[in-house]
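First the structure, in the form of structure tokens, and then the observations on it.
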Amino acid sequence: MNATQQPQLPAYDHRPGTGPTLVFLHYWGGSARTWDLVVDRLAGRDVLTADFRGWSRSSSLPGPCTLRRLADDTLDVIADAGVTDYVLVGHSMGGKVAQLIAATRPTGLRGVILVGSGPAKPAAEITPDYREGLSHAYDSDESVAGARDTVLTATELPESVKAQIAADSRAGTDAARMEWPLRGIAEDITGYTRMISVPALVVAGENDHVEPVDVLRDNLVPYLSGADFTVIPDSGHLIPLEAPAELVEAITTFAPVGGARPVR
């Protein structure tokens, strides 16, 4: 947390460097450190990571934890950090938040990178029964391990990373844990996503069972104007942890250091 950060803001870390700044938004159950393996490969780059309201270091902030509240929080964090030239990089739930932010066409936004993102149009599989079951994914250490090992990932991870995923998943408030599965995941934001005017890149994991390749291709890409689409081989849903090197390559190709604007 920056020393001058306002206490009502979500906790964030801003590492100064060469821009445009990469603003990283984490998944449901993640935290700012979800991006550590990515950020570590971006030496010299200006980066900002944050814990969403209700998660990790921001768990003391009150709800509600709606997607729009998270979007407003993110804009407040960006302003507090003094960032004026940036690209949003949103993973899963963070990708849906990024779409809502980009739809407002904020000054300084150059592009959006949507990584295994919640699609603009919810998939047909997101039924009430599915959402109710998902809301219990983080109820216990056992349920977290099951979700991590059989749903969220498709590759073998180091024990330290597995432990991080488990700890972060259990570090959310009830309001934060319930908002996404019971409401946010089912929100149709196609009207907002169509308003995005900056270049966009959609990144999918080849073996992602949460937001499969075909769902992102059919329920997200068509609502973005001329978006690029790339698939990372072998990865499951937790692309920042399963394939950080490949993700960094995609990010830096799309949003190079000092680039005038993201590359289409």
Report summary line: Taking a ≥ b ≥ c as the square roots of the eigenvalues of the Cα gyration tensor, with a/c under 1.5 meaning rounded and otherwise prolate when a/b exceeds b/c and oblate if not, the range 119-254 is oblate
Report task. Write down the percent of antiparallel bridges among all DSSP beta bridges whose residues are both part of the range 12-254, to the nearest 5. Result -> 15 percent
Report summary line: Gyration tensor on Cα atoms of the range 203-264, a ≥ b ≥ c root eigenvalues, a/c under 1.5 rounded, else prolate if a/b beats b/c, else oblate, says oblate
Query raised in the report: Suppose every K and R has +1 on its Cβ and every D and E has -1 on its Cβ; what is the size of the dipole of the chain about the Cα centre, in Debye to the nearest 20?
Result: 960 debye
Query raised in the report: So what's the net charge close to Ala123: Lys and Arg +1, Asp and Glu -1, counting the other residues with Cβ under 13 Å from its Cβ?
Result: -3
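Take every Cα pair under 8 Å in the range 23-123 that's 6+ residues apart, average their separations, divide by the length, and report that relative contact order as a whole percent. Numbers along the way, then the final one.
Details: 157 pairs, mean separation 28.8, N = 101.
Across the range 23-123, relative contact order equals 28 percent.
From the helices alone, meaning DSSP H stretches of at least four residues, give me the mean residue ellipticity at 222 nm for the chain, per-run term -39500 (n - 2.57), in deg cm²/dmol to the nearest 500.
Numbers: 11 runs with 89 residues, N = 264.
Helix-only estimate at 222 nm: -9000 deg cm²/dmol.
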**Report entry** Net dipole in debye of the range 138-264 [+1 Lys, Arg Cβ; -1 Asp, Glu Cβ; about Cα centre; nearest 20]
**Finding:** 620 debye
Query raised in the report: Order of Ser58, Ser143 from fewest to most other C-beta atoms within 10 Å?
Result: Ser143, Ser58
Query raised in the report: In the chain, with Lys and Arg counted as +1 and Asp and Glu as -1 at Cβ, which of these residues, Ser225, Leu42, Thr127, has the Cα nearest the positive end of the dipole, that is, farthest along it?
Result: Ser225
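Between Glu159 and Asp76, what is 0.36 nm times their sequence separation minus the Cα-Cα distance? Round to one decimal in nm.
Details: separation 83, 0.36 × 83 = 29.88 nm, distance 3.50 nm.
My answer for the length gained is 26.4 nm.
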Query - the range 69-98 versus the range 187-213: alpha-carbon centroid distance in Å - result: 16 Å
Query raised in the report: Which whole-number percentage describes the relative contact order of the chain, with Cα contacts under 8 Å and a sequence gap of 6 or more?
Result: 22 percent
**Report entry** Exposure proxy ranking, count of Cβ atoms within 10 Å, fewest first, for Leu238, Leu42, Leu182
**Finding:** Leu182, Leu42, Leu238
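In debye, nearest 20: dipole of the range 8-159 around its Cα centre with unit charges on the Cβ of K, R (+) and D, E (-)? It would help to have the intermediate numbers written out before the result.
Numbers: 14 positive and 19 negative charges, 138 e Å.
Using only the charged Cβ atoms, the result is roughly 660 debye.
Given a Förster distance of 35 Å, report the FRET efficiency between Arg194 and Ala43 from their Cβ-Cβ distance, rounded to the nearest 0.05.
Once the sixth-power term is evaluated, E becomes 0.45.
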Report summary line: Under the rule rounded for a/c under 1.5, else prolate if a/b exceeds b/c, else oblate, using alpha carbon gyration tensor axes a ≥ b ≥ c, the range 12-254 is classed as rounded
Query raised in the report: Over the range 147-244, what relative contact order in percent results from Cα pairs under 8 Å that are six or more residues apart?
Result: 37 percent
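Here, each number is a calculation from the coordinates, and none is a lab measurement. On a predicted model such as this, the values are computed, not experimentally measured, just so you know. Ideal geometry is used to build each Cβ from the backbone, glycine not excepted, and the neighbour counts take in all protein chains shown.
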